[in-house]
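Chemist: One structure coming up, written as C-alpha cells, with questions to follow.
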Amino acid sequence: MSQHKPLNMFKLASYGAPSMPLSMVSLPLAVYLTPVYADSAGFGLSLGFVGLMLALSRVFDGVTDPVVGFYSDRIRTRWGRRKPFILIGTPIFIAGVWLLWIPPIEFGDITILGFTMNSGYPYLLGVLVLMYVGATIKDVPYSAWGAELAQDYNERTLVMSWKEAFTVAGSLIGAMTPAIIVFWGYTKPTDNVYFLTIALAIVMPFLVLNMLMVVPEYPARETTKRRLPIRESFRYVWANEPYRKLVIIFLFSTIGSAMTNSLSFFFVKHVLLAGDLYGFYLAPYFISQIVAIPLWFKLSAKIGKHRATMVAIFWYALWSCFIPLIAIAPQGWFDAFELGTILSFLPDSWLAGMQSQFEGIPTGKFAFFIGVMVLKGSSIGALSALPYAMAADVIDLDSAQTGKSQGGAYFSIWTMTRKLAYALGLVVGTTTATIVGFNSLADPIADPNSWYSLLWLACLYSIVPAIFKFVALPILWSYPLTEDRLREIQQEIALKAAKEA
C-alpha cells in the first residue's frame, strides 16, 4: 500500500501540465529547424553544416544527462531534490528556444582563427547547447519526480497517463498551428515557430510555477546513509534486470518512432498527394491518443502494464499493415471516402466552398488514411505512458538493493537512450528511403517517384517501425516486475526503513 495520500485530479493535472508547452515546441524543433536555418526562405545556411551543428549539440546534450541525474539524486534542500533543478532549468530552456527561433542579430560572414564562416553556425551551436542544457536540467528531475509521486502500481500509471495526455495535447497545438495561421496569411516555417515560441514563453512559466507550488515532493525514502560514488551508482542501475529490459524495449521502439516521424510528411505529400493537408492529418491522430489513454489505463490495471503494452504493440502493428495498401491501391477504391460523398449532408454552398479549398487533392484516399491513423494512433499513448510507469516501478527494486533513491540516475540513462535512439532512427529512415530511390525533392504530380520507391516509403513509414516494436514482445512476455512482486519489494523497503528508524 502507498504511504502517501493518493493525488487528487488537480495535483495530477498540475504535474502533467508543463509537458504541454514543452511538446508544443518539440514538434517544430523536429520539423522546422532545417527549413528555418537551411532554406532560402529562412536564414540560408548550408544544410550539411546545420546538420553538423545539430549532431555536436546532441553529443554535448547526452553527456549532461547522467550528470544532472546523479546530482539531483544527491542534493538536499528545504524545497526538495527535484524542484530547484526545474526552477533553474525552465528559464534557461525558454531563453534557448527564444534565441533559436527569434535571433536578435543578423547573420553574416565572420573570421575566427583565420577561418571565415557565416556567424549563423556558431550562433546555432551555442543556442542549441543552451536550450538542451536547460531542457536536461529540468526534464531529468521532472521525470524522476513523477516516478516518486506515487508508490502504488496503478497510481504510477495514472501519473504518467496525465503527463502523456498533456504531451499529446501540446503536440496537437503545435501540429494545428500551421493549419490555423495559414488563414491569416502566415505560411512560412518562420511564422509557425514565431507564434509557438511566444506561446511557450507566456504559458510555460505559469504552469511550472503552479506545479512547484501545488504538487508535493516527498522526502527520499532511503535506508542507508552511505553515499554511492557515481560509477557504483550506475553499476547498480545497469545491474537492475527489469530496467535493462525496459531500456532495450524503449531503444528499439524509439528507433521505430523516429522513422515514422521523419517520413510522415513525405508519405502524406508523395503517396497521398496531400502535403498541404499535413496539419489536418496530425490533429485527429493526436486526439485519438488523448481519448484512448483512459482505456489503456483501465486495461493495465486489469492485466498489468507489461501485458497492456503487448496489446498496444499488436494494435499498432495491425493498423500499420493497412498503410502500404494505401500506397499501391488505385484511387477508385477510395471514391466512397471523397469529401463530396462523406459530407454530402452539408448545404450545397458550404460543400462547394470546402471542395474549392481542396481542389486537385484526392481527398478520398486522405480521408481513409486518417481513419486508419486514428485507430493506429490510439495505441501511441499506451506505448509512451506505460513504459514510463514501468520505469518508476524498477526504481523501487533498486532502492531495496541499495537503500538509496536514485530516480535521477535511472531517468537520465532513459533520456540519454531516447536521444541516441531517436537520432539513429532518423538516420535509418531517411537514408534507407534514399537508397531505395525515393527523392524528397521530386514534384509529386509533375515528376512523381516510382511505384517501387513509394511502396518502400510506405513500408519504412509503417511496417518497419512496427517490426522494431515487436522486439519488445518476448521481453515483455517474461517481464518479472508484476503488481504482486512490486508490493513485496515495497514491503522489504518498509521493513528496512523501520529497522533503521
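Derivation of every value follows stated rules applied to the coordinates shown; laboratory data play no part. In this text the structure is predicted, and so the values were computed from the model without any measurement. Methodologically, a virtual Cβ is constructed for each residue, glycine included, from the backbone with ideal geometry; neighbour enumeration extends over all protein chains shown.
Chemist: Neighbouring Cβ atoms within 10 Å as the yardstick, rank 298, 163, 419 fewest first.
Modeler: Values: 298 13, 163 25, 419 17.
Going from least to most buried by this count: 298, 419, 163.
Chemist: While we're on this one: Give me, ordered by chain and number, the residues 5 or more places off residue 110 or on other chains with an amide H under 5 Å from its own placed amide H.
Modeler: Long-range HN contacts for residue 110: 117, 118, 119.
Chemist: Could you rank the peptides 315-326, 259-270 by their average count of other C-beta atoms within 10 Å per residue, with the highest value first?
Modeler: 259-270, 315-326
Chemist: What order do you get for 12-22, 283-293 when each peptide is scored by the mean count of other beta carbon atoms within 10 Å, highest first?
Modeler: Working: 12-22: 23.3, 283-293: 20.0.
Per-residue mean Cβ counts within 10 Å order the peptides as 12-22, 283-293.
Chemist: Another question, then. Given a cut-off of 28 Å, name the pairs among 365/419; 11/376; 163/298; 83/469; 302/365 whose C-alpha atoms lie farther apart than that in the structure shown.
Modeler: Cα-Cα > 28 Å for 365/419; 11/376; 83/469; 302/365; rest within.
Chemist: Each residue of the stretch 133-138 in order: what ³J(HN,Hα) in whole Hz does its phi give by Karplus 6.51 cos²θ - 1.76 cosθ + 1.60, θ = phi - 60°, with x for Gly and Pro?
Modeler: Whole-Hz 3J(HN,Hα) from phi for the stretch 133-138: 4, x, 5, 5, 4, 9.
Chemist: Something else about it: By count of other Cβ within 10 Å, fewest leading, how are 434, 90 ordered? Display every interim value, and only then the final one.
Modeler: Values: 434 12, 90 24.
Least to most surrounded, the residues fall as 434, 90.
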